[in-house]
Amino acid sequence: MSAAAAAAAAAPQAWPDLRRLEPVDREFGLGRGTPIDRYYIEQFLDRHRGDVCGRVLEVGDASYTRRFGEDRVTRSDVLHTPPGGRSATVIGDFATGDGIPPNTFDCIILTQVLPFIFDVRAAVRHCRAALKPGGVVLATVPCISQISQYDMERWGDFWRFTSLSARRLFEEAFVGGTVAVEAHGNALAATAFIQGLSTQDLTQAELDHRDPVYQLIVTIRAVRAEEPT
């Protein structure tokens, strides 16, 4: 069980009054516990942990590679845009493809990255190109979410996605491969997330209920087609 799932299994915290102009927490609920979007992200990665193997690329840091890849990972790479972070092993840009080695990775973990890339179509194309044939990208994108002020002030916060837009983006790039898209969330979870409440404020049943009209997080598993023999 992931940390987020374990938190949801406990008795929920009492909610504060929500008739307010300021949210309960401006940092996505970190001040109260585990952010609600991370519940869906980590459940998705846990279901597909078998894909996290071989040479794996993650953006920013390798925390999910370590947690879900375990001993199946033969090499862990971290991508950062120029000038790069201290843990980066690949300095590159998905928008342009610069610095991204092609046909290299067995798995790319791309959680909550695409909203901050303006040329998102190019980013998905370059992500596919970086995979080996048969390689997998595990991606997540927000649908209902507040702006990330940190990212907005540095490189921009541009996009929110629906399950339909995510499917079209990835099917356009992963021709001949397979694309599986799912939406997660409901009105209660979305309300709690926007207010900065946390996973600890909801029950697991409340988190797991799905309402396709209130998509909080969209998950994508896309596999690059095998090369013809």
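A few points about this structure:
- Dipole size of the stretch 44-179 about its Cα centre, with +1 on Lys/Arg Cβ and -1 on Asp/Glu Cβ: approximately 280 debye, rounded to the nearest 20.
- Share, in percent, of DSSP beta bridges within the chain that are antiparallel, nearest 5: 45
- Rg and Dmax of the chain, both derived from C-alpha coordinates alone, stand at 17.6, 62 Å.
- If you run the Gaussian network model on the chain, springs between alpha carbon atoms under 10 Å, then out of Val59, Val218, Val141 the most flexible one is Val59.
- Beta bridge orientation in the stretch 100-229: antiparallel %, DSSP, nearest 5: 70
- Here the dipole of the chain is about 220 debye; that uses its Cα centre as origin and unit charges on the Cβ of Lys and Arg (positive) and Asp and Glu (negative).
- Per residue, the convex hull volume that the Cα atoms of the stretch 61-133 enclose (Å³): 90
- Square roots of five times the Cα gyration tensor eigenvalues for the stretch 3-136, Å: 31, 19, 12
- Stretchable slack from Phe158 to Leu21, in nm (0.36 nm times residue separation minus alpha-carbon distance): 46.9 nm
- Stretching Thr89 away from Ala180 to a fully extended chain increases their span by 29.9 nm, per 0.36 nm per residue minus the current alpha-carbon distance.
Only the coordinates and a few stated rules stand behind these numbers; no lab work does. From a predicted model like this one, the values you see are computed outputs, not experimental measurements. Glycine gets a Cβ as well: all are built from the backbone with ideal geometry, and neighbour counts include every protein chain shown.
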